[in-house]
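Peer 1: Please read through the structure below; I'll follow up with questions.
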Amino acid sequence: MSRDSGALIRPRGSYNEWREFCGLPRLETPADLSTAIASRSVADKILDLYKHPDNIDVWLGGLAENFLPRARTGPLFACLIGKQMKALRDGDWFWWENSHVFTDAQRHELEKHSLSRVICDNTGLTRVPVDAFQVGKFPEDFESCDSIPGMNLEAWRETFPQDDKCGFPENVENGDFVHCEESGRRMLVYSCWHGYELQGREQLTCTQEGWDFQPPLCKDVNECADGAHPPCHASARCRNTKGGFQCLCADPYELGDDGRTCVDSGRLPRATWVSISLAALLIGGLAGLTSTVICRWRVLGYSKAAESPLRAKWQDTESCRTASCSQNHRTTIFQTQANPKSPGRLFSKHGQI
């Protein structure tokens, strides 16, 4: 969407109105304008276009002003930028100079701290410039770290007057509190960690009878119960945990990179592997059982042949030696005569058959 810069600038007010807002003198004549704009030709062109300084746009007048020493803006823009930055700073709830953040003694110690002191405390340097943001020459512009002021942390030690009935505040589980003073009164501001919600008063004040309210509680938030904004994708199952949640996937899916969506892992499900294992075990068991039955049948056949030599045909003893049976039913058959036509006598490990 295009915008008309001129249409946006004109409602902002004139150059003189903003100079008056910043405490600068109004420019009413060409001579006054020449004091703010050094270039006489630029000032004449501006007056030729706008006819009077009251008609000059603030944007053009601010750009045409002479630069301040060691700056890149004139006095008007320096004022406007400074006021904007100050408004942003003072509007920050946690800005250290605000009265509710630190005590007067703590703010006094913070005012003494500097980047030069930080360099001295965290490096091996022994001499630094007083202002680390200013370029200086060594050694004349450098000072010893012993002369660079620092903070006294005793200002943060918690001390209570003897008649104080509040005492040290109680800790809140899964949360924290900030101890501060406002208008000479001790105050506590509680907050909960991520995944917990505060139940009770957020701010407590110390009175003559003690703290005006009981400390609050930090209760776990069940993110999985949020139907309007579910934390996990529809493909995943949400499980609530202390201070958070966990998205779970059914096998063989796994969590994607976002930790909330289930994607195919490309592997077989565990149930399939269990089925394959059971099938292999069943097949192996059937094969073993079949081998045992066949072995017993062959041994039984040899025994009957030995008991009835006239009715049974002599079996080749070589095949008997290679018969494979289980350990508990193994029978060894020996031939006592070299004549293969004679049935001879058969012996087992228990004696003659």
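Peer 1: Of everything in segment 27-81 that's of a type in the set (Asp, Glu) and closer than 21 Å to Leu8 by Cβ, which residue is surrounded by the fewest Cβ atoms within 10 Å (Cβ to Cβ)?
Peer 2: Of the residues in segment 27-81, the ones of a type in the set (Asp, Glu) are 28, 32, 44, 48, 54, 57, 65.
When the remaining residues are screened for being closer than 21 Å to Leu8 by Cβ, the result is 54, 57, 65.
On the way: Asp54: 13, Asp57: 18, Glu65: 19.
Applying the filter and picking the extreme gives Asp54.
Peer 1: Sort out for me the helices (runs of 4 or more DSSP H) sitting completely within segment 37-98 that have 2 or more residues that are among the small types (Gly, Ala, Ser) and free of Cβ contacts under 8 Å to residues at least 40 places away in the same chain.
Peer 2: Details: elements: 40-50, 58-64, 75-90.
Result: 40-50, 75-90.
Peer 1: So which of Phe168, Phe142, Phe177 is more than 35 Å from the chain's Cα centre (by Cα) and at negative phi? Even if it seems obvious, please write down each step before you answer.
Peer 2: Working: Phe168 fails: more than 35 Å from the chain's Cα centre (by Cα); Phe177 fails: more than 35 Å from the chain's Cα centre (by Cα).
Criteria check complete, one pass: Phe142.
Peer 1: Please work out if Gly167 is touching a Cys at 6+ places or on another chain (Cβ under 8 Å) and small (Gly, Ala, Ser). Can you show your working first?
Peer 2: Numbers: touching a Cys at 6+ places or on another chain (Cβ under 8 Å): no; small (Gly, Ala, Ser): yes.
No, not satisfied.
Peer 1: While we're on this one: Considering only segment 131-141, I want to know if a residue exists there that is under 30 Å from Leu198 (Cβ atoms) and part of a loop (DSSP other than H, G, I, E, B).
Peer 2: There is no residue in segment 131-141 that is under 30 Å from Leu198 (Cβ atoms) and part of a loop (DSSP other than H, G, I, E, B).
Bear in mind that the values in this text are calculations on the coordinates, not laboratory data. What you see is a predicted model; the values in this text were computed from it and never measured. For neighbour counting, all protein chains shown are included, and Cβ atoms are generated from backbone atoms with ideal geometry for every residue, glycine included.
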